[in-house]
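Engineer: Dumping the structure here so I can ask a few things about it.
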Amino acid sequence: MGAEAAEIWRATVLTVFPEMFPGPLGMSLAGRGLERGLWAMDVLDIRDFARDKHRSVDDEPFGGGPGMVMRADVVDAALASVEDRPGPVVYLTPRGRALDQALVRRLAEGPGVSLLCGRYEGIDQRVLDARDVEEVSVGDYVLSGGEPAAIALIDAVVRLLPGIMGNEESPAEESFETGLLEHPHYTRPADWQGRLVPEVLTSGHHEMVRRWRLGEAERITEQRRPDLWARYVKRKGRGEDRGGQEE
Ligand code: ADE
């Protein structure tokens, strides 16, 4: 055989709570894709890389203060075990760059990702400096560990992989892909408790429907997300027809 089979997209998770995976990723779109071999996941227990008989992965912070810090030597050994894997190493932390649809798309276009989940107060800075690690946050709030953030990241990436979504579930029109928040959706019944569906949606006039949806998306984005709105207006002024593309 000349042509090699294309490698499937692979998430490698480094965690002290391996039992948290696949968790919700074993269900719905991602779960079906996992079962069908459209993507793969390996979960490594960081504790397996500890050297002492207590299998300790953390210790008290130098300089004092509350909480525990994950040890550089243990995390380094865990990262060394995945260094031959293709794709970036991402450390989930509230100090990281914000996860957005552009980064999700970049990861989905690559071969996979290794995700380092921290617990406790964080990870010894020296191992983060010594290894090429991208720091990524899923939002301006603090989770009790990186695992739920890793699950959110994997979910967002996997749904973009070929074969995961049906044709009818195209991502092209949804929030962030256009640079706008999505327009509202309606289905039957047309009259629900006296609340009627906007008339244009039952008109059968596709161009009017398209314009109404764009107008709603613009109105909602301007109202709720001045940051996205400013970027959208700037792009529109430059004559770019599709937002959400820039890194
Ligand atoms: N770990 C704890 N909080 C987090 C956040 N907001 N994003 C990514 N990782 C985290």
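Engineer: Of all residues in segment 86-104 being among the β-branched types (Val, Ile, Thr) and in contact with a strand residue (DSSP E or B) (Cβ under 8 Å, 6 or more places away or on another chain), which is nearest to the ligand (Cβ to nearest atom)?
Structural biologist: Thr93
Engineer: Can you tell me which residue is farthest from the ligand (Cβ to nearest atom) among those in segment 130-159 that are closer than 13 Å to Ala108 by Cα and either open to solvent by 40 Å² or more (accessible area, probe 1.4 Å) or of a type in the set (Asp, Glu) (or both)?
Structural biologist: Here is the first cut: in segment 130-159, the residues closer than 13 Å to Ala108 by Cα are 153-159.
Then keep just the ones that are either open to solvent by 40 Å² or more (accessible area, probe 1.4 Å) or of a type in the set (Asp, Glu) (or both); that gives 155, 159.
Details: Asp155: 14, Arg159: 19 Å.
For segment 130-159, the residue satisfying everything is Arg159.
Engineer: Scanning segment 123-157 for residues that are of a type in the set (Gly, Ala, Ser) and within 15 Å of the chain's Cα centre (by Cα), which turns out farthest from Pro61 (Cα to Cα)?
Structural biologist: Ala156
Engineer: Moving to a separate point now. Hey, among Glu174, Glu182, Glu216, which residue is within 26 Å of Ala30 (Cβ to Cβ) and modelled with pLDDT of 95 or more? Spell out how you get there, then give the answer.
Structural biologist: Values: Glu174 fails: modelled with pLDDT of 95 or more; Glu216 fails: within 26 Å of Ala30 (Cβ to Cβ).
Answer to the selection: Glu182.
Engineer: Which of the following residues is at pLDDT 95 or above and in a strand (DSSP E or B): Gly87, Gly96? Lay out the reasoning, then the answer.
Structural biologist: On the way: Gly87 fails: in a strand (DSSP E or B).
Gly96 is the lone residue from the list that is at pLDDT 95 or above and in a strand (DSSP E or B).
Engineer: Still on this structure: Test Val82 against the criterion of being out of contact with any Lys or Arg (no Cβ under 6 Å at 6 or more places or on another chain), among the β-branched types (Val, Ile, Thr) and either within 16 Å of the ligand (Cβ to nearest atom) or in a helix (DSSP H, G or I) (or both), and give yes or no.
Structural biologist: no
Engineer: Could you count how many residues in segment 4-31 are assigned to a helix (DSSP H, G or I) and free of Cβ contacts under 8 Å to residues at least 60 places away in the same chain?
Structural biologist: Number of matching residues: 5.
Engineer: If we keep just the residues of segment 177-212 that are of a type in the set (Val, Ile, Thr) and either without any contact (Cβ under 8 Å) to a residue 24 or more places away in the chain or more than 30 Å from Arg105 (Cβ to Cβ) (or both), which is surrounded by the fewest Cβ atoms within 10 Å (Cβ to Cβ)?
Structural biologist: Thr187
Engineer: Taking the stated definitions as given, is Leu107 within 16 Å of the ligand (Cβ to nearest atom), open to solvent by less than 20 Å² (accessible area, probe 1.4 Å) and farther than 14 Å from Leu14 by Cβ?
Structural biologist: Judged against the criteria, Leu107 is a match.
The values are calculated or read from the model by the stated rules, or taken from the named source; none is laboratory data. The model shown is predicted, which means the values in this text are computed figures rather than measured ones. We place every Cβ from the backbone using ideal geometry, glycine too, and count neighbours over all the protein chains shown. In case anyone asks, the SASA skips ligands and DNA or RNA and just uses the protein heavy atoms, side chains included. Shrake-Rupley method; radii C 1.70, N 1.55, O 1.52, S 1.80 Å.
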